[in-house]
Amino acid sequence: MFERVLIANRGEIALRVLRACKEMAIGTVCVFSESDRGAPYLDMADEAICIGPGPARQSYLDISRIMSAAAIADVDAIHPGYGFLSENAHFAEVCRSSGITFIGPSPETINKLGNKTHARQLATEAGVPLLPGTTENVESEEEAREIANQIGYPVIIKAAAGGGGRGMRVAHNEAALITGFVQAKTEAAAAFKDDSVYIEKFLENPRHVEIQIIGDKHGNVVFCGERDCSMQRRNQKLVEEAPCPVFTPDDRAKMGAVAVKLCELAGYHTAGTCEFLVDKDKNFYFMEVNTRIQVEHPVSEMVTNTDLIKAQILAAAGKKLPFTQSDIKISGHSIECRINAEDPAANFRPSPGRIEALFPPGGPGVRWDSHVMSGYTVPPHYDSMIGKLIVHGKTRMDAIRTMIRALKEMRVEGIKTTIPLHLTIMNNANFQSGDVHIHFLEKTLLK
Ligand code: MV4
């Protein structure tokens, strides 16, 4: 097992990885920026090393600074968390050439799955259902027109190097297709230095459902159920839950089987997520693979009674997974609310600053994954998430009731948070009946 792991991240996920390492008796090294100096979780690490100024480009995204810290602290492995360098193939490559284990996929796998047309080709080979569209880049307006006529409008133009919604354009007719094609290419070139785009049939009001995958270096790939992440705004998830409220065990088995097949074909040996869109009739279509541990992993942990971070570390160290597929049973229901330092009443304006008082919720079925406390100042440079409120109940309605109780119990003074919006969502009749889709929040609840 690793002697010492460097955590190349901050905040909630840095603390989540710290906790796993401590329970595994692994030494811990945190890195921090000047704006995170003094953060409470840094005291819990065996060592904490400053890697630069607040802006992430000069600290959490600076590979040379992180590798210097790794060399000074003499670590065996680096956990990248989510965001920052977690899906950066070059970083994984630098780790490998430095003799440090990157706790994640190989650079080759990150590259292969990170490119959406490559991922679509692999999915085709694995027999994973895809929306009608191209598995090659679309090179010209003329070609785009032919493909759109073939598959029928509406279509969506997506950046091959993209993800998370950037470089996408929906087209309901030929005129929109031509302008969208040019716009998507321009946006993709600016955002990803790669202007490749492909075209797919556009689904109007789908759900977003994703499969949690965990593999090891012995060829085992296990799925830990699905998560429904339909409650989102501008590609930022706000509420996630497991299982998907409309899924039967048969739906789960079908989606899980194709996700496992895809990851087996990719030689996947760590934590990852296969994203799907699901239509009204519960047909599902592969979107992309996220080659990292995700923010919402706790809801899967709660319903499968697993520790995905520990499993990820064990797998990276060359150990076998501590469970097999037959050990994974879905038990009860779990919901996560992302508590962000934002004002939902003011167009989600960021609300950094000092938390004057904090009373975190607790009691049966409540988990609070957070790095903040009374007196902590939320820095302005990073993601606004200050914690994840996760509940577990016997049934979905039990979980909703526990979430409402916990949201009301919680006190955060000094900054604005998304708590009031979460109460609105939890009390919403459509949410309670599971009748939602990816545009529900923006089209209905925030209107
Ligand atoms: C789609 C789609 C509808 N039809 N593809 C957005 C992020 C990227 N991962 C894929 N996205 C979408 N792809 C087809 N063919 C709708 C979206 C989409 C979306 C998907 C999941 C969660 C939130 C979303 C918000 C807007 C659009």
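Number of residues in segment 410-446 that are within 16 Å of the ligand (Cβ to nearest atom) and of a type in the set (K, R): the value is 1. Pairs needed: first member in segment 385-402, closer than 24 Å to I13 by Cα; second member anywhere, acidic (D, E) and surrounded by fewer than 20 Cβ atoms within 10 Å (Cβ to Cβ); C-beta distance under 6 Å; at least 6 residues apart or different chains. These pairs meet every condition: K388/D369.
Yes/no per residue for (1) basic (K, R); (2) part of a loop (DSSP other than H, G, I, E, B); (3) touching a strand residue (DSSP E or B) at 6+ places or on another chain (Cβ under 9 Å):
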site: I330; (1), (2), (3): no, yes, yes
site: R338; (1), (2), (3): yes, no, yes
site: A345; (1), (2), (3): no, no, no
site: G363; (1), (2), (3): no, yes, no
site: R367; (1), (2), (3): yes, no, yes
site: D383; (1), (2), (3): no, yes, yes
site: K388; (1), (2), (3): yes, no, yes
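Results for (1) over 23 Å from R19 (Cα atoms); (2) open to solvent by 50 Å² or more (accessible area, probe 1.4 Å), shown as yes or no for each residue.
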site: V31; (1), (2): no, no
site: R37; (1), (2): no, yes
site: A45; (1), (2): no, no
site: I49; (1), (2): no, no
site: R57; (1), (2): yes, yes
site: A73; (1), (2): no, no
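Rundown of residues vs (1) over 30 Å from G38 (Cβ atoms); (2) touching a residue at least 24 places away in the same chain (Cβ under 8 Å); (3) part of a loop (DSSP other than H, G, I, E, B); (4) open to solvent by less than 20 Å² (accessible area, probe 1.4 Å), yes/no style:
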site: H371; (1), (2), (3), (4): no, yes, yes, yes
site: K408; (1), (2), (3), (4): yes, no, no, no
site: V412; (1), (2), (3), (4): no, yes, no, no
site: K416; (1), (2), (3), (4): no, yes, yes, no
site: L423; (1), (2), (3), (4): yes, no, no, no
site: I438; (1), (2), (3), (4): yes, yes, yes, no
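When segment 148-179 is filtered for residues that are in a helix (DSSP H, G or I), open to solvent by less than 20 Å² (accessible area, probe 1.4 Å) and within 13 Å of the ligand (Cβ to nearest atom), only A148 remains. Every residue in segment 182-220 that is within 12 Å of the ligand (Cβ to nearest atom), among the acidic types (D, E) and in a loop (DSSP other than H, G, I, E, B), please. Listed by number, the list holds a single entry, E204.
Within segment 123-139, the residues that satisfy the criterion of being surrounded by 20 or more Cβ atoms within 10 Å (Cβ to Cβ) and outside any loop (DSSP other than H, G, I, E, B) are A123, G133. All conditions but one from (1) open to solvent by less than 60 Å² (accessible area, probe 1.4 Å); (2) more than 10 Å from the ligand (Cβ to nearest atom); (3) at pLDDT 95 or above apply to R145; the one that does not is (1).
The values are calculated or read from the model by the stated rules, or taken from the named source; none is laboratory data. The shown structure was predicted, so the numbers you read here are calculated from the model rather than taken from an experiment. In this analysis, Cβ positions are derived from the backbone assuming ideal geometry, glycine residues included, and neighbour counts consider all displayed protein chains. Each accessible area value is taken on the protein alone, full model and side chains, heavy atoms only, with ligands, DNA and RNA left out. Shrake-Rupley method; radii C 1.70, N 1.55, O 1.52, S 1.80 Å.
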